[in-house]
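The values are calculated or read from the model by the stated rules, or taken from the named source; none is laboratory data. Values in this document were obtained by computation on a predicted structure and should not be read as measured data. Positions of Cβ are generated from backbone atoms using ideal geometry, with glycine treated the same way; all protein chains shown enter the neighbour counts.
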Amino acid sequence: MLLLILDKTGFDSKISHFFSNYLVGRKTKYFWNNYSSPFFDVNIGVGQGSALLPILSALYLSSVFYILKKRLKNLKIPISIISFVDNGLFIFQNKFFYISNSNIFCSYCVMSLLLEQFRLVIKHGKIEVFYFFRL
């Protein structure tokens, strides 16, 4: 998917070629309590902590947010999206809690499906919602 994004956004073919080589021949292992898995091949993704992770995440997620914005606009859900590398912040403005709540719910459903299509996983336990009112 990343290579398709690089191609569609007009990056030089040398950059796409670099990333196609960068993303292959990788190995990883998992640690779980006292268990340590053997190394195994993973020819997808960028290792956590890599210097390229913020750049590649931003390129990858820009397409997700672009599609999300269009879908929410079609559903007439007023939303502002601010992205910090691999985290998104959604801002809803409405006087009524029930309207904000339904907008958040619909947006979350659309975003979940979209991320699933991009083969990305939401950590549902890390989702936070804040509601502020003038009183």
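What to note about this one:
- Output for the stretch 113-131, where each listed residue is within 16 Å of L72 (Cα to Cα) and either under 10 Å from the mean Cα position of the chain (by Cα) or part of a loop (DSSP other than H, G, I, E, B) (or both): L114, L115
- Residues satisfying the stated conditions in the stretch 55-88, i.e. modelled with pLDDT under 75 and farther than 18 Å from V110 by Cβ: F84, V85, D86
- Positions within the stretch 1-32 being of a type in the set (K, R) and more than 17 Å from L61 (Cβ to Cβ), in sequence order: K14, R26, K27, K29
- Candidate set from the stretch 14-54 (those that are small (G, A, S) and either part of a strand (DSSP E or B) or loosely packed, with under 10 Cβ neighbours inside 10 Å (or both)); member that is modelled with the highest pLDDT: S36
- V110 being at pLDDT 75 or above and in contact with a Lys or Arg (Cβ under 6 Å, 6 or more places away or on another chain): yes
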